[in-house]
Amino acid sequence: MARILSIANQKGGVGKTTTSVNLSASLAAYKKRVLLIDMDPQGNATMGSGINKAKCEYSVYHVLTEKKSIEDVTVISEQGKYHLLPCNGDLVAAEVELMQEIGRESRLRHALKSVKDSYDYVIIDCPPSLNLLTVNSLVASDGVLIPMQCEYYALEGLSALNNTIRQIAKLINPKLRIEGILRTMYDPRSSLTNAVSAQLRKYFGDRVYRVSIPRNVRLAEAPSHGLPALVYDRNSKGSVAYLALAGEMLRQEKAAQAQTTQLSGS
(Lines give C-alpha, C1' and ligand atoms only; values in the text may rest on other atoms or scores of the structure.)
Protein backbone atom coordinates (compact mmCIF):
# COMPACT_ATOMS: atom_id res chain seq x y z
CA MET A 1 0.00 0.00 0.00
CA ALA A 2 1.27 3.46 -0.93
CA ARG A 3 2.82 5.83 1.56
CA ILE A 4 1.26 9.23 0.88
CA LEU A 5 3.39 12.30 1.59
CA SER A 6 2.53 15.98 1.17
CA ILE A 7 5.35 18.38 0.37
CA ALA A 8 4.10 21.50 2.12
CA ASN A 9 5.12 24.93 3.38
CA GLN A 10 2.98 28.04 3.05
CA LYS A 11 6.10 30.09 2.45
CA GLY A 12 6.92 30.34 -1.25
CA GLY A 13 10.33 29.81 -2.82
CA VAL A 14 11.58 27.16 -0.39
CA GLY A 15 11.89 24.34 -2.92
CA LYS A 16 8.55 22.51 -2.63
CA THR A 17 8.14 21.77 -6.33
CA THR A 18 11.86 21.09 -6.79
CA THR A 19 11.64 18.60 -3.94
CA SER A 20 8.42 17.01 -5.22
CA VAL A 21 9.78 16.42 -8.72
CA ASN A 22 13.29 15.34 -7.73
CA LEU A 23 12.23 13.16 -4.81
CA SER A 24 9.73 11.41 -7.12
CA ALA A 25 12.43 10.82 -9.73
CA SER A 26 14.90 9.63 -7.07
CA LEU A 27 12.42 7.16 -5.56
CA ALA A 28 11.68 5.92 -9.09
CA ALA A 29 15.44 5.44 -9.58
CA TYR A 30 15.31 3.12 -6.56
CA LYS A 31 12.70 1.09 -8.50
CA LYS A 32 9.77 2.35 -6.44
CA ARG A 33 6.35 2.87 -8.05
CA VAL A 34 5.64 6.59 -7.66
CA LEU A 35 2.66 8.84 -8.33
CA LEU A 36 3.31 12.60 -8.20
CA ILE A 37 0.20 14.76 -7.70
CA ASP A 38 0.46 18.41 -8.71
CA MET A 39 -1.92 20.32 -6.40
CA ASP A 40 -0.55 23.79 -7.18
CA PRO A 41 -2.62 25.70 -9.81
CA GLN A 42 0.65 27.09 -11.22
CA GLY A 43 1.32 23.61 -12.60
CA ASN A 44 5.09 23.84 -12.11
CA ALA A 45 5.50 20.20 -11.06
CA THR A 46 3.64 19.20 -14.23
CA MET A 47 5.94 21.27 -16.44
CA GLY A 48 9.03 20.15 -14.49
CA SER A 49 8.03 16.55 -15.20
CA GLY A 50 8.12 17.18 -18.97
CA ILE A 51 4.32 17.45 -19.40
CA ASN A 52 2.84 20.52 -21.12
CA LYS A 53 0.09 21.68 -18.75
CA ALA A 54 -1.63 23.63 -21.53
CA LYS A 55 -2.17 20.42 -23.52
CA CYS A 56 -3.63 18.38 -20.63
CA GLU A 57 -7.23 17.54 -21.52
CA TYR A 58 -7.87 16.39 -17.95
CA SER A 59 -6.24 17.41 -14.70
CA VAL A 60 -6.51 17.06 -10.92
CA TYR A 61 -9.45 19.49 -11.20
CA HIS A 62 -11.52 16.72 -12.82
CA VAL A 63 -10.57 14.34 -9.99
CA LEU A 64 -11.48 16.72 -7.15
CA THR A 65 -14.82 17.61 -8.76
CA GLU A 66 -15.49 13.88 -9.33
CA LYS A 67 -15.79 14.25 -13.10
CA LYS A 68 -12.98 11.74 -13.72
CA SER A 69 -11.14 9.03 -11.77
CA ILE A 70 -7.42 9.21 -11.01
CA GLU A 71 -6.83 6.33 -13.44
CA ASP A 72 -8.44 8.37 -16.26
CA VAL A 73 -6.30 11.44 -15.62
CA THR A 74 -2.87 10.02 -14.73
CA VAL A 75 -0.09 10.38 -17.32
CA ILE A 76 3.47 9.03 -17.42
CA SER A 77 6.52 11.26 -17.01
CA GLU A 78 8.90 9.54 -19.44
CA GLN A 79 11.74 11.71 -18.11
CA GLY A 80 11.15 11.00 -14.42
CA LYS A 81 9.95 7.38 -14.77
CA TYR A 82 6.96 8.06 -12.49
CA HIS A 83 3.24 8.62 -12.95
CA LEU A 84 1.82 12.14 -12.73
CA LEU A 85 -1.59 13.58 -11.90
CA PRO A 86 -1.18 16.86 -13.83
CA CYS A 87 -2.45 20.30 -12.98
CA ASN A 88 -3.14 23.62 -14.68
CA GLY A 89 -5.09 26.82 -14.00
CA ASP A 90 -8.38 24.89 -13.98
CA LEU A 91 -7.61 23.90 -10.39
CA VAL A 92 -8.50 27.40 -9.17
CA ALA A 93 -12.09 26.69 -10.23
CA ALA A 94 -12.13 23.48 -8.20
CA GLU A 95 -11.60 25.39 -4.97
CA VAL A 96 -14.58 27.65 -5.73
CA GLU A 97 -16.80 24.73 -6.79
CA LEU A 98 -16.01 22.75 -3.65
CA MET A 99 -16.79 25.56 -1.21
CA GLN A 100 -20.42 24.50 -0.75
CA GLU A 101 -19.82 20.75 -0.94
CA ILE A 102 -20.10 18.41 2.05
CA GLY A 103 -16.86 16.52 2.68
CA ARG A 104 -14.96 18.90 0.41
CA GLU A 105 -11.74 18.50 2.42
CA SER A 106 -11.70 14.71 1.80
CA ARG A 107 -12.12 14.59 -1.99
CA LEU A 108 -8.49 13.66 -2.70
CA ARG A 109 -8.41 11.01 0.04
CA HIS A 110 -11.48 9.29 -1.43
CA ALA A 111 -10.09 9.49 -4.98
CA LEU A 112 -6.81 7.86 -3.92
CA LYS A 113 -8.48 4.76 -2.44
CA SER A 114 -8.70 3.10 -5.87
CA VAL A 115 -4.97 3.42 -6.61
CA LYS A 116 -3.26 3.05 -3.21
CA ASP A 117 -2.21 -0.53 -3.98
CA SER A 118 -0.73 0.46 -7.35
CA TYR A 119 2.08 2.59 -5.90
CA ASP A 120 4.76 2.51 -3.23
CA TYR A 121 4.76 6.29 -2.81
CA VAL A 122 2.33 9.10 -3.60
CA ILE A 123 4.00 12.52 -3.46
CA ILE A 124 1.75 15.61 -3.35
CA ASP A 125 3.13 19.03 -4.34
CA CYS A 126 1.05 21.51 -2.30
CA PRO A 127 0.42 25.18 -3.15
CA PRO A 128 2.26 27.85 -1.10
CA SER A 129 -0.73 28.63 1.10
CA LEU A 130 -2.95 26.92 3.66
CA ASN A 131 -6.04 26.77 1.45
CA LEU A 132 -8.61 24.06 0.64
CA LEU A 133 -6.21 22.41 -1.82
CA THR A 134 -3.53 22.09 0.86
CA VAL A 135 -6.09 20.83 3.39
CA ASN A 136 -7.22 18.18 0.86
CA SER A 137 -3.60 17.11 0.48
CA LEU A 138 -2.99 16.89 4.24
CA VAL A 139 -6.22 14.98 4.87
CA ALA A 140 -5.15 12.41 2.24
CA SER A 141 -1.60 12.04 3.59
CA ASP A 142 0.22 9.81 6.05
CA GLY A 143 2.93 12.42 6.61
CA VAL A 144 4.18 15.88 5.69
CA LEU A 145 7.66 16.59 4.37
CA ILE A 146 8.49 20.26 4.99
CA PRO A 147 11.19 21.87 2.84
CA MET A 148 12.55 25.07 4.38
CA GLN A 149 15.44 27.46 4.17
CA CYS A 150 17.50 28.00 7.29
CA GLU A 151 16.41 31.55 8.05
CA TYR A 152 14.51 32.99 11.01
CA TYR A 153 11.35 34.00 9.12
CA ALA A 154 11.06 30.38 7.99
CA LEU A 155 10.77 29.28 11.63
CA GLU A 156 7.61 31.39 12.06
CA GLY A 157 6.03 29.77 9.00
CA LEU A 158 7.00 26.35 10.30
CA SER A 159 5.20 27.04 13.56
CA ALA A 160 1.97 27.98 11.71
CA LEU A 161 2.15 24.88 9.53
CA ASN A 162 2.81 22.67 12.54
CA ASN A 163 -0.35 24.04 14.19
CA THR A 164 -2.36 23.30 11.05
CA ILE A 165 -1.05 19.73 10.93
CA ARG A 166 -2.04 19.24 14.58
CA GLN A 167 -5.55 20.58 13.94
CA ILE A 168 -6.09 18.31 10.94
CA ALA A 169 -4.72 15.34 12.90
CA LYS A 170 -7.08 16.15 15.75
CA LEU A 171 -10.23 16.71 13.67
CA ILE A 172 -9.97 14.65 10.45
CA ASN A 173 -6.80 12.62 9.93
CA PRO A 174 -5.39 11.20 13.20
CA LYS A 175 -2.45 9.46 11.48
CA LEU A 176 -1.06 12.71 10.05
CA ARG A 177 2.39 13.68 11.35
CA ILE A 178 5.49 15.56 10.30
CA GLU A 179 7.46 13.03 8.29
CA GLY A 180 10.58 15.14 8.13
CA ILE A 181 12.08 18.60 7.72
CA LEU A 182 14.32 19.12 4.73
CA ARG A 183 16.82 21.95 4.76
CA THR A 184 16.98 23.45 1.25
CA MET A 185 19.35 25.96 -0.41
CA TYR A 186 21.69 24.95 2.37
CA ASP A 187 24.98 26.80 2.86
CA PRO A 188 27.05 25.33 5.72
CA ARG A 189 29.43 28.33 5.59
CA SER A 190 26.68 30.65 6.89
CA SER A 191 26.50 31.18 10.66
CA LEU A 192 22.75 31.92 10.33
CA THR A 193 22.21 28.63 8.52
CA ASN A 194 24.02 26.75 11.26
CA ALA A 195 22.14 28.57 14.04
CA VAL A 196 18.70 27.86 12.53
CA SER A 197 19.74 24.29 11.76
CA ALA A 198 20.68 23.80 15.42
CA GLN A 199 17.29 25.16 16.51
CA LEU A 200 15.50 22.78 14.18
CA ARG A 201 17.39 19.82 15.62
CA LYS A 202 16.64 21.02 19.16
CA TYR A 203 12.87 21.06 18.59
CA PHE A 204 12.40 18.34 15.97
CA GLY A 205 15.31 15.99 16.68
CA ASP A 206 15.72 13.13 14.23
CA ARG A 207 12.78 14.37 12.16
CA VAL A 208 15.27 16.79 10.57
CA TYR A 209 16.76 14.84 7.68
CA ARG A 210 20.49 14.32 7.81
CA VAL A 211 20.60 15.10 4.11
CA SER A 212 20.35 18.77 3.15
CA ILE A 213 19.88 20.20 -0.35
CA PRO A 214 22.62 22.64 -1.40
CA ARG A 215 22.23 25.68 -3.61
CA ASN A 216 22.94 24.28 -7.05
CA VAL A 217 22.78 25.89 -10.51
CA ARG A 218 21.98 22.62 -12.30
CA LEU A 219 19.09 22.02 -9.92
CA ALA A 220 17.71 25.46 -10.76
CA GLU A 221 18.19 24.99 -14.52
CA ALA A 222 16.50 21.58 -14.82
CA PRO A 223 12.82 22.77 -14.71
CA SER A 224 13.30 25.07 -17.70
CA HIS A 225 14.16 21.95 -19.71
CA GLY A 226 11.16 20.02 -18.36
CA LEU A 227 13.46 17.56 -16.64
CA PRO A 228 14.13 16.34 -13.11
CA ALA A 229 17.71 17.23 -12.11
CA LEU A 230 18.49 13.51 -12.03
CA VAL A 231 17.90 13.37 -15.79
CA TYR A 232 19.32 16.82 -16.59
CA ASP A 233 22.62 16.24 -14.77
CA ARG A 234 22.83 13.05 -12.72
CA ASN A 235 26.19 13.99 -11.23
CA SER A 236 25.25 17.47 -10.03
CA LYS A 237 25.32 18.15 -6.30
CA GLY A 238 21.55 18.68 -6.30
CA SER A 239 20.84 15.33 -7.98
CA VAL A 240 23.16 13.48 -5.61
CA ALA A 241 21.49 15.16 -2.61
CA TYR A 242 17.97 14.12 -3.68
CA LEU A 243 19.12 10.55 -4.33
CA ALA A 244 20.62 10.57 -0.83
CA LEU A 245 17.32 11.90 0.60
CA ALA A 246 15.37 9.09 -1.07
CA GLY A 247 17.87 6.60 0.34
CA GLU A 248 17.53 8.04 3.84
CA MET A 249 13.73 7.85 3.64
CA LEU A 250 13.79 4.24 2.45
CA ARG A 251 16.17 3.23 5.26
CA GLN A 252 13.92 4.94 7.83
CA GLU A 253 10.85 3.12 6.50
CA LYS A 254 12.67 -0.22 6.54
CA ALA A 255 13.78 0.36 10.14
CA ALA A 256 10.23 1.33 11.16
CA GLN A 257 8.81 -1.81 9.54
CA ALA A 258 11.39 -3.99 11.28
CA GLN A 259 10.51 -2.41 14.65
CA THR A 260 6.78 -2.96 14.03
CA THR A 261 7.41 -6.61 13.13
CA GLN A 262 9.53 -7.07 16.25
CA LEU A 263 6.86 -5.53 18.51
CA SER A 264 4.06 -7.58 16.98
CA GLY A 265 6.08 -10.75 17.45
CA SER A 266 6.87 -10.13 21.12
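Going by the structure shown, is TYR82 free of Cβ contacts under 8 Å to residues at least 40 places away in the same chain and not β-branched (Val, Ile, Thr)? Even if it seems obvious, please write down each step before you answer.
Details: free of Cβ contacts under 8 Å to residues at least 40 places away in the same chain: no; not β-branched (Val, Ile, Thr): yes.
Here the answer is no, as TYR82 does not meet what is asked.
Contact annotation: residue pairs with Cβ atoms under 8 Å, 6 or more positions apart or on different chains, pairing a residue in region 238-266 that is without any contact (Cβ under 8 Å) to a residue 60 or more places away in the chain and open to solvent by less than 30 Å² (accessible area, probe 1.4 Å) with a partner that is of a type in the set (A, V, I, L, M) and not in a helix (DSSP H, G or I), are ALA241/VAL211; ALA241/ILE213; GLU248/VAL211.
Filter region 154-181 down to residues that are closer than 18 Å to TYR203 by Cα and not in a helix (DSSP H, G or I), then give me how many there are.
Taking region 154-181 first, the residues closer than 18 Å to TYR203 by Cα are 154-166, 177-181.
Next, from what is left, pick out any that are not in a helix (DSSP H, G or I): 177-181.
Of the residues in that region, 5 qualify.
Out of LEU250, LEU263, LEU219, LEU243, one residue alone is in a helix (DSSP H, G or I) and farther than 20 Å from LEU145 by Cβ. It is LEU263.
Scoring ASN9 on the criteria (1) surrounded by 24 or more Cβ atoms within 10 Å (Cβ to Cβ); (2) at pLDDT 95 or above; (3) among the polar types (S, T, N, Q) leaves a single failure, condition (2). Entry remark, region 186-220: residues being aliphatic (A, V, I, L, M) and either open to solvent by 60 Å² or more (accessible area, probe 1.4 Å) or over 20 Å from THR17 (Cα atoms) (or both) number 7 in total.
Here is the figure for region 23-52: residues that are open to solvent by less than 10 Å² (accessible area, probe 1.4 Å) and over 14 Å from ASN88 (Cα atoms) total 8. If you go through region 222-237 and keep only what is in contact (Cβ under 8 Å) with a residue 60 or more places away in the chain, open to solvent by 30 Å² or more (accessible area, probe 1.4 Å) and outside any loop (DSSP other than H, G, I, E, B), you end up with PRO223, VAL231.
The values are calculated or read from the model by the stated rules, or taken from the named source; none is laboratory data. Model, not experiment: these values are computed from the prediction. Cβ: placed from backbone, ideal geometry, glycine included. Neighbour counts: every protein chain shown. Ligands, DNA and RNA are stripped out before the accessible areas are found, and what is left, the full protein with its side chains, is counted by its heavy atoms. Shrake-Rupley method; radii C 1.70, N 1.55, O 1.52, S 1.80 Å.
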